Amino acid sequence: MRKLLAAVLLGSVILCGIAEAAVFTSFPADGICTGDYVRYRARPGTNSKILGRLFEGDEVTVLSEVRVKSQRWYEIYDPNASGRTVWVAGQYIAPIEY
């Protein structure tokens, strides 16, 4: 019983230490890529055509947000094609705090 109680307490402490990811509150907004070699796609979703990649520290303009199967996707300007927009998984884009 003590081991179970200790495990539950330890799990609670670990979960309390996890911070929720920052999200965008309005659009357009400035964002930064937090992953390396992150694919961006023609449409939101992992089955959509890959058009290019972002690297950690790349700055982007986030235009909108949608959810696909409970995953957040952000529409951004394509860094390699003027005026075209692409989609990137939300877990890899964070707001830039000024």
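Which residues, taken from the range 75-98, are part of a loop (DSSP other than H, G, I, E, B) and either at positive phi or among the polar types (S, T, N, Q) (or both)?
Those that are part of a loop (DSSP other than H, G, I, E, B) and either at positive phi or among the polar types (S, T, N, Q) (or both): ASN80, SER82, GLY83.
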(request) Look at the range 52-74 and say how many of its residues are part of a strand (DSSP E or B) and either in contact (Cβ under 8 Å) with a residue 60 or more places away in the chain or surrounded by fewer than 19 Cβ atoms within 10 Å (Cβ to Cβ) (or both). (result) 12
(request) Give the number of residues within the range 26-42 that are under 13 Å from GLY90 (Cα atoms) and in a loop (DSSP other than H, G, I, E, B). (result) 2
(request) Would you please name the residue that is farthest from the chain's Cα centre (by Cα), looking only at residues in the range 33-86 that are of a type in the set (Phe, Trp, Tyr) and more than 16 Å from VAL23 (Cβ to Cβ)? (result) TYR77
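Read-outs throughout are calculated quantities, based only on the coordinates presented, and are distinct from any laboratory measurement. For clarity, every value in this text was computed on a predicted model and none was experimentally measured. Reconstructed Cβ throughout: ideal geometry from the backbone, glycine too, with neighbour counts over all protein chains shown.
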